[in-house]
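First the structure, which I've put down as structure tokens, then a few questions once you've had a look.
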Amino acid sequence: MTTKLNKEWHQANPMPKNPTIEERLHWHIEHAKYCQCRAMPEKLKAMKKKLKSKR
Ligand SMILES: [Zn+2]
């Protein structure tokens, strides 16, 4: 299995220690742009839709 881990991005963008859902979402959105080492969890995807539909 090949993982495309962008070490530099991870070092520059660590996940906050006690992230809010929005912080996690933001992290994963940015993460997906620069690194493919893991996919966004389904829960967060659902959360993203919920947040968008609020506006
Ligand atoms: Zn990654």
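Readers should treat all values here as calculations from the given coordinates under stated rules, not as data from a laboratory. Every value quoted in this text rests on a predicted model; they were computed, and no experiment measured them. When we count neighbours, we look across all protein chains shown, and the Cβ atoms used for this are built from the backbone with ideal geometry, even at glycine.
Give me, ordered by chain and number, the residues 5 or more places off Asn6 or on other chains with an amide H under 5 Å from its own placed amide H.
So Asn6 has HN proximity to Gln36, Cys37.
Pull up the cross-link candidates among the aspartates and glutamates for Lys50, meaning alpha carbon to alpha carbon under 18 Å and not fewer than 8 places away within one chain.
Within the straight-line cut-off, Lys50 pairs with Glu22, Glu23, Glu42.
Using only helices, what value at 222 nm comes out for the chain when you add -39,500 (n - 2.57) per DSSP H run of length 4 or more and divide by the total residues, to the nearest 500 deg cm²/dmol? Numbers along the way, then the final one.
Details: 3 runs with 33 residues, N = 55.
Rounded to the nearest 500, it is -18000 deg cm²/dmol.
Something else about it: Give me the base-10 log of I(q)/I(0) for the chain at each q in 0.16 Å⁻¹, Debye formula, one uniform scatterer per Cα, rounded to two decimals.
For the requested q values the scattering log ratios are -0.52.
Now for a different question. So how far apart, in nm, are the two label points at Lys33 and Ile21 if each is 7 Å from Cα heading toward Cβ?
If labels sit at Lys33 and Ile21, their model points lie 2.3 nm apart.
Compute the signed sum of charges (Lys and Arg +1, Asp and Glu -1) over the other residues within less than 10 Å, Cβ to Cβ, of Met15.
Details: positive: Lys17, Arg24; negative: Glu23.
For residues surrounding Met15, the net value is +1.
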